[in-house]
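Remarks on the structure that follows.
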Amino acid sequence: MSMEDYDYLFKIVLIGNAGVGKTCLVRRFTQGLFPPGQGATIGVDFMIKTVEIKGEKVKLQIWDTAGQERFRSITQSYYRSANALILTYDITCEDSFRCLPEWLREIEQYANTTVVTILVGNKIDLLFLLSPPLPGNKIDLVEKREVMRQRAEEFANSQSMLYLETSAKESDNVEKLFLDLACELIRDA
Ligand code: GDP
Ligand code: MG
């Protein structure tokens, strides 16, 4: 009889430029909170959360970087044995999208060939900001998005990646992100 308290164990690794919200996504999912200010850093290598899918316990070991992405010094060991990768960019930051091919090269170089990759466009809560209404003016909605959804979807398709847009701040699609990944991993297992 197995002593394990789960049916599946998967390692999920977050990558993408610094500042796109990787740590906030992990904290939203594992702790149900959005850390204030810039203090999102987690001092541990990974966080654990067990979810239940169709009656089966799926233990997710979620690895976040401790800021190494800032210096492009993520090591091969970080990718090793990852079952899934969450490649994150910020929909309000074109630069974070333009760096995706660099990340794909790293994936190709270091990750397992069977790895499941999902592209995540984070910060959709910033899609429309209310500009401060001037006297006599009507309230304006200001588009903050720099990367159109269709463009991101097409890119994800061309690279055989799933695609999802999230907000760690508003808790939009964050649960779905990890549950979708877990489902996909079970299907492949
Ligand atoms: P990381 O470097 O990729 O780990 O990014 P962090 O998780 O540290 O987040 C970087 C900054 O973006 C912080 O100031 C967060 O508060 C902010 N941030 C993260 N996720 C969101 C989001 O969904 N919406 C908004 N508006 N800000 C976010
Ligand atoms: Mg971080």
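We did not get these values from a lab; they are worked out from the coordinates using the rules stated. Values in this document were obtained by computation on a predicted structure and should not be read as measured data. A quick note on method: Cβ atoms are made from the backbone with ideal geometry, for glycine too, and the neighbour counts reach across all protein chains shown.
Using alpha-carbon pairs under 8 Å, 6+ residues apart, how would you state the relative contact order of the chain in percent? Please list the in-between numbers first.
Values: 329 pairs, mean separation 46.2, N = 189.
Reported as a whole number, the value is 24 percent.
List the trypsin sites (Lys or Arg not before Pro) in the range 55-111 that DSSP assigns to loop (not H, G, I, E or B) and whose Cβ has at most 13 other Cβ atoms within 10 Å. Which are they?
Numbers: sites: Lys57, Lys59, Arg70, Arg72, Arg80, Arg98, Arg105; in loops: Arg72, Arg80.
Here the sparse-neighbourhood loop sites are Arg72, Arg80.
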Query - Antiparallel bridge percentage (DSSP; both residues within the chain; nearest 5) - result: 35 percent
Query raised in the report: Got a sec? How would Val174, Val120, Val51 order by Cβ neighbour count within 10 Å, fewest to most?
Result: Val51, Val174, Val120
Report summary line: GNM on the chain, Cα springs under 10 Å; top mean-square fluctuation among Leu119, Leu127, Leu60 goes to Leu127
Query raised in the report: From largest to smallest, what semi-axes in whole angstrom does the chain give when each is the square root of 5 times an eigenvalue of its alpha carbon gyration tensor?
Result: 30, 19, 16
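Any idea what the relative contact order of the range 30-132 is, in percent, if you count C-alpha pairs under 8 Å spaced at least 6 apart?
Working: 97 pairs, mean separation 23.3, N = 103.
23 percent.
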Report summary line: Rounded to the nearest Å, the spacing of the alpha-carbon centers of the range 4-65 and the range 164-189 is 11 Å
Query raised in the report: Between Arg151 and Arg187, what is the label-to-label distance in nm when each label sits 7 Å out along the Cα-to-Cβ direction?
Result: 2.9 nm
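For the range 1-98, what is Rg from Cα atoms divided by 2.2 N^0.38 Å, rounded to two decimals? Don't skip to the answer; put the middle values down first.
Details: Rg = 14.8 Å, N = 98, 2.2 N^0.38 = 12.6 Å.
So the Cα radius of gyration is 1.17 times the expected 2.2 N^0.38 Å.
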Query raised in the report: Given labels modelled 7 Å from the Cα in the Cβ direction, how far is it in nm from Ser158 to Arg70?
Result: 3.2 nm
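Using 1/(1 + (r/R0)^6) with R0 = 35 angstrom and r between the beta carbons of Asp5 and Arg105, what's the FRET efficiency to the nearest 0.05? Walk me through the intermediate numbers first.
On the way: r = 38 Å, r/R0 = 1.08.
Once rounded, the FRET efficiency stands at 0.40.
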**Report entry** Qualifying lysines (Cα of each under 30 Å from Cα of Lys144; at least 8 residues distant if same chain)
**Finding:** Lys22, Lys123, Lys169, Lys176
Report task. Could you line up Asp64, Asp188, Asp90 from fewest to most neighbouring Cβ atoms inside 10 Å? Result -> Asp188, Asp90, Asp64
Query raised in the report: Label points 7 Å out from Cα along the Cβ direction at Gln31 and Lys176: separation in nm?
Result: 2.5 nm
